[in-house]
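Enquirer: Attaching a single structure in structure tokens format; questions to follow.
The values are calculated or read from the model by the stated rules, or taken from the named source; none is laboratory data. On a predicted model such as this, the values are computed, not experimentally measured, just so you know. As a convention, Cβ positions derive from the backbone with ideal geometry for all residues, glycine included, and neighbour counts pool all protein chains shown.
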Amino acid sequence: MNRYVFKSNDRGFTLPEALISWFIFSAVTVIFAAALGTNFKVLLVADQRTTAETLARAQLEAINNAPYDFTPPYEYDKITGIPYGYVINSNGADANHISVTLINPETGAVSATDLGVQKVTCSVTCPGGQFITVEAYKR
């Protein structure tokens with residue numbers, strides 16, 4: 001049998017060396033875990049904003065496909081199938097209506113009478129409280 005014989009210059013790690021290496025490994029692990037957690041939060045917020053913008057654009061598309069409403073209060077139906085936690089048009093406006101402003105097509109200014117152009121504003125609130133506002137014109 002071959003036995004390994006320790007020589008006087010064969011040594012292992014000392015306790016301070018082992019503690020320092022363990023501390024460095026722990027610090028790197030904590031920094032990596034914190035960065036990973038931050039990335040997950042950023043991805044969640046980006047996903048919520050994308051969903052909110054998609055909902056707002058789908059609402060505007062539904063309004064563009066609806067018949068032109070000539071009579072105040074210019075009520076357009078809301079889309080169905082809204083995910084839980086998302087609310088269309090809840091940034092202080094009446095929750096039952098999409099915000100509609102009459103526009104003068106010649107000047108682009110706000111008009112008191114309906115000249116055939118409406119500026120439709122749709123806001124969607126995300127579960128986190130942020131909201132996205134998208135505007136379009138309806139003729």
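Enquirer: Quick one: in the stretch 52-102, which of the residues that are modelled with pLDDT of 80 or more and part of a strand (DSSP E or B) is surrounded by the fewest Cβ atoms within 10 Å (Cβ to Cβ)?
Expert: Thr101
Enquirer: Could you count how many residues in the stretch 129-139 are of a type in the set (Phe, Trp, Tyr) and either farther than 20 Å from Gly81 by Cβ or at pLDDT 85 or above (or both)?
Expert: Matching residues across the stretch 129-139 total 1.
Enquirer: Answer yes or no as to whether Thr14 is at pLDDT below 95 and either of a type in the set (Lys, Arg) or within 30 Å of Ala136 (Cβ to Cβ) (or both).
Expert: no
Enquirer: Quick one: count up the residues across the stretch 109-128 that are modelled with pLDDT of 80 or more and assigned to a loop (DSSP other than H, G, I, E, B).
Expert: 10
Enquirer: Is there any pair with a first residue in the stretch 60-75 that is among the β-branched types (Val, Ile, Thr) and a second that is in a loop (DSSP other than H, G, I, E, B) whose Cβ atoms are under 7 Å apart and which are 6 or more apart or on different chains, and what are they?
Expert: Ile63/Tyr76; Ile63/Ile98
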